[in-house]
Amino acid sequence: MSVSIRPHHLLCMLTYLGKGYTPAFVDNYSAIVQRLNDGEPVELVDGPDDLCQPMLSEPGCHCRNESVRHRDRTAVADIAQALGRQLESGKSFVLDRQVLSLLREAFAMGTIRKACEGCEWQILCSKIARNDFRGCHLAPPD
């Protein structure tokens, strides 16, 4: 099995400390991060993913907005460049320590953060990156 993740959520996961929109969202997010920590592969998807599920029935849910799809297109291009390989929707890969290290390094340097512009979590994520990602939940096994 694999975890369906939209590209900009790969960026969000780098700084996840257990905070989110609603308690149901946080519970779901934490469970997904645990699956990734256990070595389950990521499958990139276009549109709402496993993280979005608790939000989809909420009034004003932003998961299907064009602005979010734009974040995904921006994120996948930046992430692919940072990893030095093409990333395609429907393809799976393991978010292992090497990949996580490359992404966090690029995130801290700001080279994969264009998709974060205007995000309500941007300031918090910047603080977490400046703090060397201490306390972040995503920490897959070697």
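The values are calculated or read from the model by the stated rules, or taken from the named source; none is laboratory data. Predicted model only: the values in this text are computed from it and were never measured. Reconstructed Cβ throughout: ideal geometry from the backbone, glycine too, with neighbour counts over all protein chains shown.
Exactly one condition in (1) surrounded by fewer than 18 Cβ atoms within 10 Å (Cβ to Cβ); (2) touching a residue at least 24 places away in the same chain (Cβ under 8 Å); (3) not acidic (Asp, Glu); (4) not in a helix (DSSP H, G or I) is not met by Leu95; state its number.
So Leu95 meets the others, but not (1).
Return the total of residues in the range 1-34 being part of a loop (DSSP other than H, G, I, E, B) and touching a residue at least 24 places away in the same chain (Cβ under 8 Å).
Taking the range 1-34 and keeping what is part of a loop (DSSP other than H, G, I, E, B), we get 1-2, 6, 14-22.
If we keep only those that are touching a residue at least 24 places away in the same chain (Cβ under 8 Å) as well, we get 1-2, 6, 14-19, 21-22.
Adding up the residues that qualify gives 11.
Hey, could you check the range 41-72 for residues that are among the charged types (D, E, K, R) and surrounded by fewer than 16 Cβ atoms within 10 Å (Cβ to Cβ) and say which is modelled with the lowest pLDDT?
Going residue by residue through the range 41-72, those that are among the charged types (D, E, K, R) are 43, 46, 49-50, 58, 64, 66, 69, 71-72.
This time we only want the ones that are surrounded by fewer than 16 Cβ atoms within 10 Å (Cβ to Cβ), so: 46, 58, 64, 66.
Details: Asp46: 92, Glu58: 81, Arg64: 86, Glu66: 91.
Top of the filtered list is Glu58.
Are there any pairs with C-beta distances below 9 angstrom linking a residue in the range 121-141 that is among the acidic types (Asp, Glu) to a residue that is surrounded by 11 or more Cβ atoms within 10 Å (Cβ to Cβ), with the two at least 6 apart or on different chains, and if so which?
From the range 121-141, the pairs are Asp132/Arg104; Asp132/Ala108.
What pairs come up if the first residue lies in the range 49-67 and is of a type in the set (Asp, Glu), the second is part of a loop (DSSP other than H, G, I, E, B), and their beta carbons are under 6 Å apart, counting only those six or more places apart or on different chains?
The qualifying pairs are Asp49/Arg6.
Check the range 114-126 and report whether any residue there is β-branched (Val, Ile, Thr) and surrounded by 12 or more Cβ atoms within 10 Å (Cβ to Cβ).
At the first step, the residues of the range 114-126 found to be β-branched (Val, Ile, Thr) are 123.
Next cut, surrounded by 12 or more Cβ atoms within 10 Å (Cβ to Cβ) only: none.
No, that holds for no residue.
Here is a yes/no grid of residues against (1) exposed (fewer than 12 other Cβ atoms within 10 Å of the Cβ); (2) of a type outside the set (D, E, K, R); (3) part of a helix (DSSP H, G or I); (4) touching a Ser or Thr at 6+ places or on another chain (Cβ under 6 Å):
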position: Leu36; (1), (2), (3), (4): no, yes, yes, no
position: Thr74; (1), (2), (3), (4): no, yes, yes, no
position: Ala80; (1), (2), (3), (4): no, yes, yes, no
position: Leu87; (1), (2), (3), (4): no, yes, no, no
position: Ser101; (1), (2), (3), (4): yes, yes, yes, no
position: Phe107; (1), (2), (3), (4): no, yes, yes, no
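Could you count how many residues in the range 1-42 are touching a strand residue (DSSP E or B) at 6+ places or on another chain (Cβ under 6 Å) and over 22 Å from Ile79 (Cα atoms)?
Matching residues across the range 1-42 total 0.
Being β-branched (Val, Ile, Thr) and over 13 Å from the mean Cα position of the chain (by Cα) is the filter here, so list the residues in the range 1-43 that pass it. Talk me through it step by step, then tell me what you get.
Narrowing the range 1-43 to residues β-branched (Val, Ile, Thr): 3, 5, 15, 22, 26, 32-33, 42.
Selection gives Thr22, Val26.
What are the residues in the range 111-129 that are in a loop (DSSP other than H, G, I, E, B) and among the hydroxyl-bearing types (Ser, Thr, Tyr), if any? Lay out the reasoning, then the answer.
Our first condition is that a residue be in a loop (DSSP other than H, G, I, E, B); within the range 111-129, this holds for 111-113, 117-121.
Hit for the range 111-129 is Thr111, nothing else.
Taking the condition small (Gly, Ala, Ser) and under 19 Å from Gln122 (Cα atoms), does Gly47 pass? Break it down stepwise before answering.
Details: small (Gly, Ala, Ser): yes; under 19 Å from Gln122 (Cα atoms): no.
So Gly47 fails the test.
Out of Cys52, Cys63, which single residue is over 18 Å from Leu103 (Cα atoms) and over 13 Å from the mean Cα position of the chain (by Cα)? Break it down stepwise before answering.
Working: Cys52 fails: over 13 Å from the mean Cα position of the chain (by Cα).
Going through Cys52, Cys63 in turn, just one is over 18 Å from Leu103 (Cα atoms) and over 13 Å from the mean Cα position of the chain (by Cα): Cys63.
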